[in-house]
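Q: Questions regarding the structure given below will be posed in turn.
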Amino acid sequence: MPTTALYRSLKILGSPLLTGLYHHEVMGLENLPKGPFIVASNHLAFCDSIFIPLALPRTVNFLAKSDYFTTPGLKGRAMAAFFRGVGQLPMDRSGGQKSQESLDAGARVLAEGGIIGIYPEGTRSPDGRGYRPKVGVARLALESRVPVVPIGQIGTDLIQPSGSNRIHLRHDGEPIRVRTVIGKPLTFEKYTADVEISYRSQREVADTIGAAIRALSGQEYVDVYADRVKKLMADEHLSADEAASRLQNEKR
């Protein structure tokens, strides 16, 4: 997928700006492989999708939630045009065939030698902790047979805290510092030898990727899906901790 003029412009202008505002530090660039690969990161704030592409020397096409492309009205059309302009692809998170079609679009980018970015948890963390990854990232990695590069984002949740539309430059009176920590690539050859990739294999691969991300970000792990926590928070006016605890108790 070719790099757009908007993507190049944002990279040229945005990188020095955000480095100056947020002291953006990138660690582990030497771990990036050549050829196609998947970037798998934790997701703390909307701006993760800005900091990560700025950190990597090559173009990253993120799978972004489809709502960004389907919001009605003038604002929605402008938002969709922006996301397409920066090379993001709509990701339908409803499951089934629609989600598979979104992953297929990502697979085509990888087949052309590109880089796909994905957030394995499927949504932003509601409280800064790391939640159970979904298997979409595993399916994409195993079907495309490309390495997965784990990335830990640190500090972006302070720029735009969960539930807030405000952008912050400081936290508790101190400048916010953002770190993008790039881990060593993960490969999963032992799974791709199977004629048919089982759900169990996908689950193991997704959990391995999630653990690698948390090792870089330092996040506490919560063994439930973040989108289920968010739904329970909205439906019953619970905190993230209360909702996660209830869901964990239901699993026992």
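Computed from the coordinates by the stated procedures, all read-outs in this text should not be read as laboratory data. What you are looking at is a predicted structure, and each value in this text was computed from that prediction instead of being measured. Cβ placement follows ideal geometry from the backbone for every residue including glycine, while neighbour counts extend to all protein chains displayed.
Q: Take the Cα gyration tensor of the chain, multiply each eigenvalue by 5, square-root it, and list the three semi-axes largest first, rounded to whole angstrom.
A: Listed largest to smallest, the semi-axes of the chain are 25, 24, 19 Å.
Q: Also: Provide the descending list of Cα extents for the range 10-118 along its principal axes, expressed in whole angstroms.
A: Sorted largest first, the three principal extents are 38, 34, 23 Å.
Q: Which order results if R214, R77, R170, R228 are arranged by neighbouring Cβ count within 10 Å, fewest first?
A: R170, R77, R228, R214
Q: More than 18 Å apart: what percent of Cα pairs in the range 136-252 qualify?
A: 66 percent
Q: Calculate how many DSSP beta bridges within the range 57-203 are antiparallel, expressed in % of all such bridges and rounded to the nearest 5.
A: 55 percent
Q: Shifting gears a bit: May I ask which of K134/K230; K65/K230; K34/K65; K190/K251 have a Cα-Cα span longer than 21 Å here?
A: Beyond 21 Å between Cα atoms: K34/K65; K190/K251.
Q: Counting only DSSP beta bridges with both residues in the chain, tell me the antiparallel percent, nearest 5.
A: Beta bridges within the chain, antiparallel portion: roughly 25 percent.
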